[in-house]
Amino acid sequence: MKMAGDNDSVAAVQCINIKKHYGRGAHRLDVLQNLNMFVPQGSIYGLLGPSGCGKTTLLRCILGRLSMDHGTIWTLGKLPGTIGHGVPGSMVGYMPQETALYEDFTISETLNYFGTIHGMPRDVLQGRKEFLINLLDLPSMDSMIRNLSGGQKRRVSFAAALVQSPPLLILDEPTVGVDPLLRIRIWEHLLAFAKEWNTTIILTTHYIEEARQANIVGLMRNGKLLSESPPQDLIDCYQMPTLEDVFLKLCVQDSERRGDDEEQAQSTAVVVHSINGAVERNVSSSQEDVVFSSDSAMLIDESRHVCKPGPSKLRCSDIFLSPAHLWALMVKNIIRIMRNPGILFFTVVIPILQTSLFCLAVGNDPRDLSVAVANLDHPPILSKLYLQQIDNYTVHQIPVDTLSLGKAGVRSGEYWGVIEMGANFSVDLLKRFQNYSSADNATIQGGSVHVYLDMTNSQIAISLQQKLLEAFQNFTQKLLPNPQIAEIPVVFEPPIYGSTRTKFVDFAAPGIILTIIFFLAMGVTALSLVTERKEGLLDRSWVAGVSSTEVMLAHILVTGLLTIIQIILVLVFILAVFKIPNEGSLALITLLCILQGFCGQAFGLFSSSVCSTEITVMQFTQGFFYPIILMSGIIWPIQSMPDVLYYISLCLPQTYANEGLRNILSKGWGMEHFEVWLGYVITLAWSLVFLTLSAVFLRIRK
């Protein structure tokens with residue numbers, strides 16, 4: 001096998017003058033500084049350095065997962081991410097620091113997922129699974145990942161990186177935190193892969209002495225390679241007994257070149273423990289280039305050959321969606337949902353519960369409202385007749401002796417109001433009816449029902465006013481020979497749309513239907529990407545070649561099935577169980593609900609692409625919940641808003657949809673009406689906006 005010192009070695013990976021920084025201004029941090037690196041094909045390259053020196057950043061650049069500020073990287077003969085190139089993709093196997101496995105999967109399902117992404121035929125994949133399970137001494141294929149030990153999970157993670165037999169294997173600290181026996185076994189496998197399969201392996205490590213087994217060691221500090229040579233060559237060159245002594249000497253020399261005194265270099269450069277050979281402290285970052293002395297001339301030889309980029313072959317998967325990727329992602333999402341009872345409960349029970357609570361708790365007349373009655377009429381002929389007309393379901397009449405007692409009860413919260421009828425109520429009322437043109441004020445006041453209400457609860461107060469007025473109208477119709485005399489001379493004819501007994505629930509139902517569907521669909525997708533990103537699963541899928549569009553589409557297709565189930569449940573309970581009036585087309589109603597569910601999914605994806613943690617996702621989505629509820633015309637007409645809020649409300653994704661669905665349900669309108677089809681157009685437009693923003697943020701954070 002050709003070593004790094006051979007001038008005719010061919011590079012599997014070469015980095016030339018790589019620079020990368022994070023932040024700006026005073027917060028700028030230079031992570032990679034003019035870094036040069038050469039990894040021959042078929043070799044094991046040990047990248048050694050303390051935490052925070054830039055090892056993981058360098059690997060992400062090699063994988064094409066992170067853009068550079070300056071420099072060039074060739075990975076397997078092409079720039080990472082080149083059209084037609086398999087990096088990221090099937091030409092590279094990646095094992096991150098975390099196990100980054102789906103806890104709800106079995107070992108077999110885990111390997112199936114990555115094998116399907118890489119387009120492996122089923123029979124080839126099955127043989128590869130059996131080979132890896134035997135090679136790495138894994139438990140049964142049907143073992144759940146969550147039930148495995150830490151060492152077993154690391155071996156499964158290792159198998160996931162090997163499943164497609166990649167020519168390049170990148171392992172980010174594969175032995176950190178594992179017991180010594182497992183560390184030895186991992187190295188045995190690595191040596192066998194490099195020797196027998198000519199696999200190029202790049203691994204990062206904290207453990208200096210174990211890096212001696214690598215063909216080449218790159219000693220990294222402050223974003224630069226201090227040295228890059230075979231381990232024994234470094235020991236011989238610097239005449240040190242161990243590799244850790246070589247690393248310490250190079251760190252001291254580097255600090256001296258930057259102007260640090262020797263004591264500072266010894267204290268801040270590196271602390272090396274000979275017991276475990278681990279680099280334990282980070283070192284200060286520097287923006288200056290390292291100038292190597294003559295005894296370090298063997299560090300990096302830039303004269304070695306590089307695989308020049310060949311002609312790029314355009315694959316359909318580079319432009320169009322990959323069916324293999326999409327299928328693997330969909331199966332993964334389905335398995336995770338089916339093994340998560342909480343999601344199934346959320347999908348089936350919550351829509352039924354929310355719909356039932358709305359129909360049962362909102363819009364019905366209040367009942368058993370305690371109202372004091374101070375009936376001073378004597379004899380109480382007409383007053384008793386009037387009180388008998390009051391709806392006893394809503395009003396609970398409680399007799400009191402005087403008006404002052406009734407008012408005191410209202411002030412103490414015992415009653416919602418007081419009804420008072422004077423001592424001559426019956427006589428004065430008859431005089432009003434008989435001599436209405438000549439009745440004096442005293443007669444008018446004596447023949448009136450005086451009501452004192454607690455108006456702090458407007459809904460209850462309005463209900464009491466309505467019931468008392470209805471009772472008096474019924475009372476006068478019974479009292480007069482011609483009932484129409486008692487009618488107000490403003491006649492409300494049969495309504496063109498709706499009925500005279502339309503309830504508030506009929507007004508709010510369209511908005512509630514769409515709100516339930518929108519936010520339930522959002523809830524299913526909002527945490528998905530955040531959870532996968534937090535566990536390292538999403539990053540591993542990116543390296544396997546999956547695109548952000550495929551990830552989004554797979555989530556939408558799978559959660560779309562759940563959304564359709566939710567739509568069916570909501571409509572069945574709203575229209576069939578609770579009998580909310582519907583005068584329009586069920587097909588139009590269903591289509592608008594599906595579009596709103598799709599919009600909710602898109603908003604959920606947007607939320608998870610913007611936020612980094614579950615808490616921020618919840619805060620972000622809750623921040624949108626109440627503005628949409630309050631400003632979309634769901635519980636109150638938007639025509640009552642100030643002008644500024646009115647025009648803002650028109651821009652929300654549910655305002656026109658609510659109005660459109662309300663017109664379908666209550667008026668029977670179809671797509672020929674502007675107010676209806678605009679609801680469909682606005683919903684679809686918002687969905688595309690959310691999806692576009694999701695794709696942009698996923699690409700930025702990818």
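Nothing in this text is a laboratory measurement; each read-out follows from the coordinates by a stated rule. Model, not experiment: these values are computed from the prediction. Note: ideal-geometry Cβ built from the backbone for every residue, glycine included; neighbour counts use all protein chains shown.
Structure values in brief
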item	result
Ellipsoid equivalent to segment 541-660 - semi-axes via the Cα gyration tensor, in Å	29, 22, 12
Relative contact order (%) - segment 506-637, alpha-carbon pairs under 8 angstrom, separation at least six	50
Highest average packing first - 125-133, 222-230, 474-482, 61-69, Cβ atoms within 10 Å	222-230, 61-69, 125-133, 474-482
Rule-of-thumb Rg ratio for segment 610-658 [Cα; 2.2 N^0.38 Å; N residues]	1.33
Rel. contact order, % - alpha carbon contacts under 8 angstrom, at least six apart, segment 655-702	35
Packing-based exposure ordering (other Cβ within 10 Å, fewest first) of I343, I381	I381, I343
Flagged links, alpha-carbon separation over 24 Å, of K478/K667; K467/K503; K224/K534	K478/K667; K224/K534
Extension reserve of the I635-Q232 stretch, reckoned as 0.36 nm per residue once the Cα distance is removed	137.4 nm
Semi-axis lengths, Å, segment 67-167, gyration tensor of Cα atoms, sqrt of 5 times eigenvalues	28, 16, 11
Peptides ranked, highest mean first, by Cβ atoms within 10 Å: ranges 656-663, 28-35, 465-472, 487-494	656-663, 28-35, 465-472, 487-494
Reach of K153 by Cα under 16 Å, taken over lysines that are not fewer than 8 positions away in the same chain	K129
Long-range HN-HN contacts of H70 with modeled amide H, under 5 Å	K19
Relative contact order, percent, segment 74-210 [alpha-carbon distance under 8 Å, six or more residues apart]	30
Residues of type lysines that K195 reaches as a straight line, Cα spacing below 19 Å, ignoring anything fewer than 8 places off in the same chain	K2
Label-point gap, in nm, between S438 and N340 - each point 7 angstrom along Cα→Cβ	8.4
R146 versus W197: modelled label distance in nm, points set 7 Å from Cα along the beta carbon direction	3.1
Cα-derived Rg to Rh of the chain, Kirkwood definition	1.21
